[in-house]
Amino acid sequence: MPLQGPPPDLEAGQGFSPVLPGAVLSASADATQGAATLSPPSPVLLPSMAAAAAAVGPHSFLPSTVAAAQGAAAAATAVAEGVVDAGAAVGSPANWRQGAATVRTSALAELAASAAANTARRALGVAEVATVPAGRIGGRTPTSSTSLEATFVDDRDSMSELDRLKLAFMSGMVDRFSMTIGETPSDVSFLYLKNSQVSALSVASMPKVREALGLKDPKMVIRLMPCRFGTAFWSAYGKCYHRRFPTKKVPEVNSDAMEVTEHQLLLLAKEVILPLALRTHALVIGTEMCELVSAFARVSAPVRRQLGEACPFRLLIFARTPYFHVRSKDPGSAAQQVRAVNQVWNSLDDEVMEAALRTRFGDDVAFWPQAEFPPGDYAMIMTECVQSKDRKMVVETESNLQNDFISDLAKHLPVIVLQTYGSERVSTTISSMADLVNSGLPLVLIDSRPRSAESNIADLEAAKKELDDLSESLHQPSEADGREAGLVDNFTSSLLAFVKRTLDKKLQHDDEASKKQAGTWLWQAIKLKQRERTDRQSTAAAVKRHKSLSLIKKQSGSTEKTDKDANSDLVVATDMVMRYMGRELEWESKVLQERCTDAINDIGRAEDWQELRERLEENWMKVRSMCFHSYKEVEAFCKDNQWCELVDHGKDTPNGRKQLVVKPEFTKGVDFIEARGLLEQLLMQDFQVGRDWDSNNKTEKKFYSQEGLWLALYDLLKAPNVYTGNLHNLKPLERKLFSIAQID
């Protein structure tokens with residue numbers, strides 16, 4: 001609440017000076033001298049002081065700050081009494097900070113005086129400076145908490161003293177919106193942070209961040225790891241993206257299976273996670289373009305609205321600016337309206353951001369991500385995630401902030417981590433999951449696929465066969481489902497959950513079997529020993545390949561028979577996961593390469609200019625599946641060959657926003673055979689660059705050689721605090737989650 005006057009301790013003459021990092025806590029003598037001209041205080045004095053207090057937050061009302069505010073109020077009084085010309089005084093915010101004399105304040109005093117200046121303007125009926133522009137989102141008027149004249153300096157390398165003060169107090173940094181997204185009324189508390197601001201925040205700053213976002217003190221944290229590659233994820237990409245990369249869609253064998261899985265995900269959010277969050281007063285934390293976050297936001301919004309401030313749980317979404325940039329320039333979108341209100345995001349250098357997006361996603365804007373704010377009630381922290389010097393995306397900014405945020409909570413609250421579907425950066429995500437597990441946090445892996453009854457047996461070979469059968473089914477084109485090519489299985493978290501569950505069942509089965517070994521016949525015991533010896537030899541060979549023998553021995557400790565069996569199974573299971581993911585990566589690369597070469601060959605069969613034009617247009621998306629991440633070579637080619645043009649459609653089309661087109665009307669005097677050969681050469685040269693890159697990076701052998709990833713998977717499969725469940729069997733998963741929460 002805004003203060004109605006100075007705090008009681010100041011009225012009693014007992015000033016105090018809280019510690020403010022990086023701030024100069026005293027105003028100059030000029031400010032104090034300016035304030036001294038008022039005796040007794042002017043009628044506009046106390047409102048000015050109140051505005052100053054609201055600007056810098058509670059418990060930061062220094063005597064020197066009050067003096068600065070009094071100085072500004074003195075100027076207002078002078079104008080009101082006709083001592084100073086009002087037009088001259090209103091001309092610049094600096095006039096309002098001068099007081100009766102020249103005022104040179106510290107950053108904190110300047111912040112307070114800026115607020116006092118606008119209070120004085122209101123008292124005189126003069127227009128305020130730098131108020132937040134009104135806007136409309138989905139037919140509803142957004143409200144914003146940002147009202148200070150002072151804004152963050154757009155300096156990516158350092159922050160001013162004023163910036164640091166605002167960051168320390170989270171003063172005026174959170175915008176609150178009421179909007180309609182789609183057809184859902186939504187309330188969003190929004191905080192935007194530049195890279196320099198994220199770097200300046202420490203773990204100790206996180207309680208202030210939570211307070212500014214209106215996140216009540218939670219009793220538990222439910223962390224939703226990024227769950228990608230479902231419909232919510234792919235909806236952030238245009239239709240032309242899937243024409244260019246037909247292997248990249250929701251990896252389900254058919255549309256019916258996809259719908260069933262999506263419904264089960266909604267039920268998981270509604271029947272399991274939501275009751276858990278209600279009962280435990282949880283803070284649910286996730287990321288943008290996440291299937292589980294999208295589902296939870298949808299099912300929890302009605303509950304949040306019904307309970308209002310009494311709602312015991314909150315949802316917080318961490319977001320990366322580059323993924324919202326395209327939609328932030330789309331009139332009518334929630335992202336565009338939020339950006340228009342948020343001064344820091346709106347001051348972003350579009351040229352730098354778009355250079356980073358071109359580096360990451362290519363020159364054609366049609367293939368850039370177009371994430372939108374999800375419907376629901378939540379808080380969002382969006383981070384810049386772009387380096388201005390290198391003009392590259394740095395998603396680590398967001399992940400580091402999220403880790404710091406959760407680390408602060410984990411010091412005194414239980415944390416449960418959930419993961420399903422898949423992740424974009426497999427190596428990074430799995431390593432992060434392993435770090436969480438090794439720190440003692442419980443991780444629940446949720447398999448999104450229905451499995452056959454046979455897969456419930458404790459048999460890794462049976463599990464491998466089921467995975468291979470699934471992969472083969474996904475790789476088949478389907479006219480009924482509009483699949484030009486097969487699909488790559490990038491549901492890596494579901495894969496990991498399935499293998500982990502099978503491994504746990506096998507180890508449990510083996511443990512029970514070992515207790516019965518005393519009753520076996522001698523010939524049976526001999527065969528068992530021979531099998532164990534073979535298993536140990538294969539285990540040693542696999543471990544040697546990864547140079548991990550000493551580490552695994554250290555982790556295993558005991559050399560008893562049961563431990564050796566467990567190590568053998570762990571290595572087999574880890575290899576199974578690594579090789580499966582590597583094969584999927586290599587398969588997709590080969591499919592796209594074959595698709596591109598077939599397209600280039602088809603273009604080369606054109607017999608005249610008109611046919612060349614038609615074949616190039618028909619095959620353009622197939623060519624683009626492996627070619628022209630950058631259009632630099634295409635532009636140079638068109639410059640030298642006027643019969644070709646890189647057409648900019650100005651909007652997204654089924655063939656992208658830019659397209660290479662043959663112009664028969666400019667072919668007079670041009671040898672057709674020679675021109676066709678030059679075009680084939682251009683296409684083939686760029687294809688060879690992409691093929692060589694894939695040969696060095698997208699093979700099963702290359703993927704399998706990642707020792708860090710192998711060890712992270714090994715840790716996850718071995719850890720006792722990694723639990724599994726299935727999306728198509730929610731009751732056991734519900735019991736497991738509530739049991740973990742109760743234990744924690």
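The values are calculated or read from the model by the stated rules, or taken from the named source; none is laboratory data. Owing to the predicted nature of the structure, the values given are computational and were not obtained by experimental measurement. Because the Cβ atoms are built from the backbone with ideal geometry, glycine has one as well, and the counts that use them run over all protein chains shown. When the accessible area is computed, the model is the full protein with side chains, heavy atoms only, and any ligands, DNA or RNA have been set aside. Shrake-Rupley method; radii C 1.70, N 1.55, O 1.52, S 1.80 Å.
Could you check how much of the accessible area of the range 622-712 is carbon and sulfur, as a whole percent, using a 1.4 Å probe? The C+S portion of the solvent-accessible surface of the range 622-712 is 49 percent. Computed with a 1.4 Å probe over protein heavy atoms only, the accessible surface of the range 368-424 comes to 31 Å² per residue.
Report note on the peptides 401-408, 165-172: ranked by the mean count of other C-beta atoms within 10 Å, highest first, their order is 165-172, 401-408.
When the solvent-accessible area of the range 376-431 is split by element, carbon and sulfur atoms take up 45 percent of it, the probe being 1.4 Å.
Scoring 262-274, 224-236 by mean Cβ neighbours within 10 Å over their residues and listing the highest first yields 224-236, 262-274. Which distance in Å, rounded to a whole number, links the C-alpha centroids of the range 323-382 and the range 410-473? Cα centres, the range 323-382 to the range 410-473: 31 Å. The modelled label-to-label distance between E633 and H649, using points 7 Å beyond Cα along the C-beta direction, is 2.4 nm. Note on K731 and E479: with the Förster distance fixed at 45 Å, the Cβ-Cβ geometry gives a FRET efficiency of about 0.75.
With 0.36 nm allotted per residue and the present C-alpha distance subtracted, the Q681-D469 stretch has 72.4 nm of extension available. Probing with 1.4 Å while keeping every protein chain in the model, the per residue accessible area of the range 611-741 equals 51 Å².
Legend: Rg and Dmax of the range 601-707, from Cα coordinates, 16.0, 59 Å.
The residues of the range 155-311 expose, per residue, 37 Å² of accessible area to a 1.4 Å probe. The amide H of R223, built 1.01 Å from its N in the peptide plane, has I285, I416, V417, L418 as neighbours under 5 Å, considering only residues 5 or more places off or on other chains. Highest mean first, the peptides 242-249, 389-396, 645-652 sorted by other C-beta atoms within 10 Å per residue fall in the order 242-249, 389-396, 645-652. Couplings 3J(HN,Hα) for the range 424-438, derived from phi with the Karplus relation 6.51 cos²θ - 1.76 cosθ + 1.60 (θ = phi - 60°), are 5, 9, 4, 4, 5, 5, 5, 5, 5, 4, 5, 4, 4, 5, 5 Hz, where x marks Gly and Pro. Please work out how much accessible surface S199 shows to a 1.4 Å probe, ignoring ligands, DNA and RNA, in Å² rounded to 10. Counting only protein heavy atoms, the figure is 100 Å².
Could you tally up the Lys pairs in the range 660-744 with alpha carbons closer than 25 Å? Skip any pair fewer than 8 positions apart unless they're on separate chains. Pairs that pass both the separation and distance tests number 4. What the Cα convex hull of the range 279-336 gives, in volume per residue, is 102 Å³. Pairs of Cα atoms nearer than 8 Å and 6+ residues apart set the relative contact order; for the range 157-316 it is 23 percent. Quick one: check the C-alpha center-to-center distance for the range 579-654 versus the range 182-255, whole angstrom. Measuring centre to centre over Cα atoms gives 33 Å. Distances between placed amide hydrogens fall under 5 Å for T247 paired with no residue 5 or more residues away or on another chain.
Amide H contacts under 5 Å for C644: K663, restricted to partners 5 or more places along the chain or on a different chain, H placed in the peptide plane at 1.01 Å from N. Across the range 239-363, Cα-Cα pairs more than 21 Å apart make up 59 percent of the total.
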